[in-house]
Each structure stands twice: as C-alpha cells, then as structure tokens.
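Novice: Pasting in a structure now, in structure tokens, and then I'll have a few things to ask.
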Amino acid sequence: MKFFIDTANIEEIRSANELGILAGVTTNPSLVAKEGVSFHDRLREITAEVTEGSVSAEVIAEDAAGMIAEGKELAAIAPNITVKVPMTLEGLKAVKAFSDLNIKTNVTLIFNANQALLAARAGATYVSPFLGRLDDIGHDGMQLIATISEIFDRHNINTEIIAASIRHPLHVTDAALHGASIATVPYNVLGQLVKHPLTDQGIEKFLADWNKSNQ
Ligand code: E4P
C-alpha cells in the first residue's frame, strides 16, 4: 500500500514529501477552502512540489458538461493532476469522457461497493471509499474496503482503491490488510504513524548509556 497525503496545505505536503514516502496528494473543496488561496495557484504549488505522484483536484460542477470543462482546465495545470469527480450519474458520464481523453480520475464519496464497481466500469483510475465517515454513522468502513478489493480482484479490475477519510493509525494498518492500494492520510495521522513510546524511550536510554560511557 502506498501513501498519499490528504491536504491542500503546502507546508504539510512539503514536510511529508521530505520523508520520502509520499506517492501523491488528495485535496477536496473543504480542504482548499480552509487554505483561503486560489485553487489553481495552490495546485501549481503542489504539483511543483510533488512532480510525479498523482495530485487529485476536485470539480465543483454538478453536471457532466460542467465537470468535463472544469476537469480539462485542472488537468492542463500539470501532467500529474488527477480529476476528482463525485459519485453521481453525471459524475459517471464525466469519468467516461475523461477516460476517453486519457485524463486520470479519482471517484470520490464512495460509500458502497456498487458505486465503486460502477466507477471502475466507467473508467476510473481510482475510487475513494470514505472509511471514517462510514464509521461515524455506525457502519463498517473497513468491510467496504475488503468487499471492493475482493470484487476488483475477482473481475480483474485495475482501478486502484484509495482508503480515504482516514482518522487514526489503525485505519491505515487495516486498509493495507484489507486490500487498499493507497491510503490518503491527514498530516496529523502521518505523524502518529511514526511514533511509538518504546521507540522514544529506547532512544533516550541509548543516549543516556552512551553519554555515561563517554564522559
Ligand atoms: C479524500 O480524498 C477526502 O479528501 C478525505 O479523505 C475526506 O476525509 P474526511 O471525511 O476526514 O473529510
């Protein structure tokens, strides 16, 4: 499983990229709105930072023609832009059009397996099931990842599964175990993944012992 970062904050992207583990970035309208910057300018900054991995940029239009027009403009910003399209009937039409144009797509707001299968059949490059938001309403987000993964395997579907709406480290481990190809992780969770109290205690003890014997 690869790591994307789920943010539109350039400092967070830069700092995650320095770790050498970053395979891409996902943004959404809420994340961009939080930044208070021009969407296209921010995408230019992000794609200058992450030059090879996929950078998902979401369309706002609700009709296929509008999504296609917006998506073409977004895709023109950099070759690694992936157009993020919501899972709707109009979204599916747009995904098919983007697929014909060789523009990569990430179908977002996936909450059941049929939505994922339809998106894949329309030509989606990625599907994004939202784990945290399903867990929030008492459903089993991880089971959805497992189901989509099984269906895609059984039918030789190449669309990649992005585990999205990740809230904590256990989501990351379980997404890897249940067949997600990518986890898109918020910056704070990325920090939590690195940490273990025994690692910190171990470093402290090694340093203390070293300093004692080298006085
Ligand atoms: C995915 O691409 C979305 O941007 C994101 O994971 C949504 O997460 P949230 O449910 O924490 O808003």
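No value in this document is a laboratory result; all are computed from the given coordinates. The model shown is predicted, which means the values in this text are computed figures rather than measured ones. As a convention, Cβ positions derive from the backbone with ideal geometry for all residues, glycine included, and neighbour counts pool all protein chains shown.
Novice: So Phe98 passes all but one of these: (1) crowded, with 20+ Cβ neighbours inside 10 Å; (2) within 25 Å of His171 (Cα to Cα); (3) not aliphatic (A, V, I, L, M). Which condition number does it fail?
Specialist: Failed condition: (2).
Novice: Here's another thing I want to ask about it. Restricting attention to the stretch 119-144, which residues are touching a residue at least 40 places away in the same chain (Cβ under 8 Å) and near the ligand (Cβ under 10 Å from one of its atoms)?
Specialist: Tyr126, Ser128, Leu131, listed by residue number.
Novice: Looking at the stretch 125-153, which of the residues that are out of contact with any Lys or Arg (no Cβ under 8 Å at 6 or more places or on another chain) and among the β-branched types (Val, Ile, Thr) is nearest to Ala97 (Cα to Cα)?
Specialist: Ranking the qualifying residues of the stretch 125-153, first place goes to Val127.
Novice: In addition: Would you be able to tell me the number of residues in the stretch 117-137 that are crowded, with 22+ Cβ neighbours inside 10 Å and over 15 Å from the mean Cα position of the chain (by Cα)?
Specialist: Keep residues of the stretch 117-137 that are crowded, with 22+ Cβ neighbours inside 10 Å, which gives 119-120, 124-129, 131.
Applying the additional criterion that residues be over 15 Å from the mean Cα position of the chain (by Cα) yields 119-120.
Residues in the stretch 117-137 being crowded, with 22+ Cβ neighbours inside 10 Å and over 15 Å from the mean Cα position of the chain (by Cα): 2 in total.
Novice: A further question follows. List the residue pairs whose Cβ atoms are under 9 Å apart, where the first residue sits in the stretch 99-118 and is within 24 Å of Gly138 (Cβ to Cβ) and small (Gly, Ala, Ser), the second is within 16 Å of the ligand (Cβ to nearest atom) and in a helix (DSSP H, G or I), and the two are 6 or more positions apart or on different chains.
Specialist: Ala113/Leu144; Ala113/Ile148; Ala116/Leu144; Ala116/Ile148
Novice: Another question about this same structure. If you take the residues in the stretch 163-173 that are within 18 Å of Lys2 (Cβ to Cβ) and out of contact with any Gly (no Cβ under 9 Å at 6 or more places or on another chain), which one is nearest to the ligand (Cβ to nearest atom)?
Specialist: Keep residues of the stretch 163-173 that are within 18 Å of Lys2 (Cβ to Cβ), which gives 163-166, 169, 171-173.
Adding the requirement that they be out of contact with any Gly (no Cβ under 9 Å at 6 or more places or on another chain) leaves 169, 172-173.
Working: Pro169: 15, Val172: 12, Thr173: 17 Å.
Step by step, filter the stretch 163-173, then rank; the result is Val172.
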